[in-house]
Amino acid sequence: MLTFMSNTPSDDSGTAPETPADTTGAAAATSDVDTADPREHAGDTPVDTGAAATAMRKLGFDDPVGEVFADDQMRLRNAVIGVAAAAFGSAALMMVVWFVLSRMSLPAFGGSMMTRALSTAGTVGMLVVVTVLMGWWAYRGSSSPRPLRMISYAAAYLSPAALVATTLALPLGSTRLYLDGISVDQEFRTEYLSRLTAEPGLHDMAYMDVASYYPAGWFWLGGRFSNFLGMPGWEAFQPWSLVTLAVAGSILVPVWQRLCGSLPVATAIALVTTAIALSTTADEPYAAVVAMGLPAMTVMARRALSGARSAMIGTTVFLGVSATFYTLHTGVGALIVIVLALLMAVLIKSLVPVIRLVIIGVGSMVIAAIVWAPYILARLTGEPASGATATHYLPANGASVPLPMLSGSIIGVLCLIGVIWLVVRAVDPDTRALGMGVLVMYGWTIASMIATLGGQTLLGFRLAAPITMALATAGVFGIADMRLNGVPRLWPHMVRGDIAVKISAALGVLVLIAGIAYAQAIPNRLHHPIDLAHTDTDGYGERADHFSPDAGSYYGEIDELLTDAGLVHSENVVLTDERNFQAFFPWYSFQALTSHYANPLGEFDKRNQAIEEWTAITDPEELIQAIDDTPWAGPDAMVLRGDLDKPTLTIDLADDIYPNNPNVLFRGVAFDMDVFSDEYWDTEQVGPFVVLIRK
């Protein structure tokens with residue numbers, strides 16, 4: 001796969017040059033000589049001589065990989081520097097963009113076409129500039145003046161960040177909230193970031209004195225980001241999400257450049273991957289960044305299992321860090337590596353790949369333990385756990401296999417090209433690895449459907465985005481293959497070199513138009529999540545669209561009332577079903593949002609049972625005794641719905657009703673108002689809420 005990606009143009013005869021300028025990409029694909037002379041193997045066309053390749057040729061797949069070109073192949077040291085530069089540059093760019101947008105008075109996205117127009121203009125301008133520079137690079141990159149080469153590198157490395165800026169940051173520029181506002185799943189995500197902003201340790205988002213269960217890596221780093229900006233966690237959620245998406249997209253450029261040896265191809269893969277991530281998984285930025293890296297990890301894993309030391313380090317670090325961000329995609333990535341190792345061990349009849357697999361596994365688990373050790377230790381020491389139902393979710397798209405290659409869209413066409421290319425180029429080991437990664441993800445999706453018989457799922461529906469990214473990546477390689485090994489190789493006697501160049505130029509224009517069509521539509525695909533960011537009430541009690549806020553406008557007054565009573569965010573527990581309140585203000589919760597995001601150590605089901613028992617109590621002293629007798633830290637305050645002059649106060653409890661969809665049922669239970677006597681409780685009416693504080 002990575003032996004024909006070139007920036008070197010065909011010569012005037014319409015055939016590829018006999019001696020490429022650099023073939024380090026080929027060397028990297030077959031060995032781990034990071035310090036080798038990049039021209040040592042110039043002119044070689046690597047051929048996979050393994051058992052798998054031999055079998056493929058016997059089946060009629062004797063299709064030699066195209067010409068070896070790798071003008072842009074980087075040594076390991078330069079690749080590491082490139083990743084660091086891309087990360088720093090994209091983060092800086094996004095922060096500047098966010099800072100400027102947050103101080104402008106743009107109209108709300110849903111009520112004006114102005115923001116859409118600016119978004120489209122920025123996207124088109126960026127893609128045109130990058131396409132022109134990469135087109136020039138493909139023909140004259142190595143011989144361009146140094147200033148132009150530097151500009152081309154900067155544009156390539158920062159283009160994914162620029163795409164995030166124009167398609168997501170700009171539409172959100174008129175609100176403090178991120179996609180989906182503070183609705184549904186963003187409640188618990190915001191609650192987690194607020195918690196780890198207020199306290200730097202690995203604390204659970206909801207429960208006090210419980211080891212963190214949901215991967216804390218992204219949220220912990222976000223907490224430090226919030227502290228650096230001097231912002232509450234909920235307000236930093238938007239810029240932190242934008243920064244992480246921008247950084248993840250931008251570092252793909254040097255990573256893929258290292259893997260394939262072509263700056264234009266690497267840039268195209270990074271832009272396509274970022275665009276898919278923005279369209280499909282941007283609401284979960286910590287999951288999106290892991291999904292974006294899975295195709296590259298698959299190629300690195302194949303090389304790592306073949307003995308490449310740098311690839312082994314890269315695979316280990318990716319799996320370890322991703323485990324601290326998002327468990328599902330890490331599990332899929334680990335399964336891909338396992339499958340590749342076992343297949344390789346069988347084909348070469350050696351346990352060496354398995355040994356390398358063990359090294360990768362141990363190393364990645366050591367990194368993951370930074371976040372997971374407290375929870376695992378708690379489970380191993382017998383801490384009680386129950387009630388969590390993270391895998392009890394089966395939406396409509398979880399009952400079908402994702403087939404992006406058949407969708408009527410630009411990405412669908414690209415994925416279709418990717419499928420064809422994976423089959424045609426299956427003789428190449430890296431191509432086979434990428435194809436095997438896709439098959440593993442499809443296998444996980446099917447297994448998730450079968451797992452419903454056991455009352456669980458594997459959340460296979462969440463693999464639609466990684467599958468699309470992998471196939472689209474293959475599609476980019478397919479187009480590059482067509483450009484390099486198509487017209488001038490298939491018809492060398494019928495097409496002159498200048499005609500081939502024109503065909504390549506026409507292909508580039510078509511790719512640009514297709515990219516513009518898809519990218520400019522990203523804000524429209526995110527219309528509803530962006531609208532929620534403008535219509536939900538934020539932590540300051542305001543709506544970005546300037547309409548009247550909901551009951552959340554009273555949250556600040558409630559928080560002030562609790563703190564004036566001497567309660568402390570990091571030390572006291574509040575019982576309420578107003579999850580937005582605890583997303584904005586980091587009070588510990590007696591009960592989590594739903595069982596699907598609850599920590600097993602928190603015993604969600606037993607806490608629900610305890611609350612129901614409390615609602616049946618009519619004696620004030622008995623209620624206090626019941627609260628004190630619970631095995632968990634009891635509520636120091638309650639925020640319930642109702643009026644002081646009414647007989648009851650209500651709270652909603654969440655029940656898991658899987659396999660139904662929706663999978664959560666909220667039902668109200670009521671406390672007798674008389675149970676909150678003045679002897680034990682201070683009571684205060686705040687809007688539609690009654691605030692009860694234990695004396």
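Of P404, L593, T389, whose Cα points farthest to the positive end of the dipole of the chain (charges on the beta-carbon: +1 Lys, Arg; -1 Asp, Glu; origin at the Cα centre)? Value computed over the given set: P404. Dipole magnitude for the chain: about 4200 debye, using +1 per Lys or Arg Cβ and -1 per Asp or Glu Cβ, origin at the Cα centre. Can you say what percent of the DSSP beta bridges in the chain, counting only those with both residues inside, are antiparallel? Round to 5. Close to 80 percent.
Taking the Cα centre of segment 169-259 as reference, the dipole from Cβ charges on Lys and Arg (+1) and Asp and Glu (-1) amounts to some 420 debye.
Computed per residue of the chain from DSSP H runs no shorter than four, each worth -39500 (n - 2.57), the mean residue ellipticity at 222 nm is -18500 deg cm²/dmol. Each principal axis of the Cα cloud of segment 349-422 was evaluated for its coordinate range; sorted largest first, these ranges are 53, 43, 24 Å. At a probe radius of 1.4 angstrom, the accessible area of the chain per residue rounds to 40 square angstrom.
Counting only protein heavy atoms, what percent of the accessible surface of segment 251-362 is carbon or sulfur at a 1.4 Å probe? It would help to have the intermediate numbers written out before the result.
Values: 2510 of 3140 Å².
Carbon and sulfur: 80 percent of the exposed surface of segment 251-362.
Between T381 and L453, the modelled labels are 4.0 nm apart [label points 7 Å from Cα along Cα→Cβ]. Per atom type, segment 532-587 shows carbon and sulfur on 46% of its accessible surface, probed at 1.4 Å. Principal axis extents of the C-alpha atoms in the chain (largest first, rounded to whole Å): 96, 58, 41.
Within segment 394-493, the percentage of alpha carbon pairs spaced more than 17 angstrom apart rounds to 56%. In terms of overall dimensions, segment 212-263 has a Cα radius of gyration and Dmax of 14.6, 43 angstrom. The alpha carbons of segment 92-164 occupy a box of 49, 23, 14 Å along the principal axes, longest dimension given first.
The values are calculated or read from the model by the stated rules, or taken from the named source; none is laboratory data. Just so we're clear, the structure is a prediction, and the values are computed from it rather than from any experiment. Here Cβ is always computed from backbone atoms with ideal geometry, including for glycine, and neighbour counts include all displayed protein chains. When the accessible area is computed, the model is the full protein with side chains, heavy atoms only, and any ligands, DNA or RNA have been set aside. Shrake-Rupley method; radii C 1.70, N 1.55, O 1.52, S 1.80 Å.
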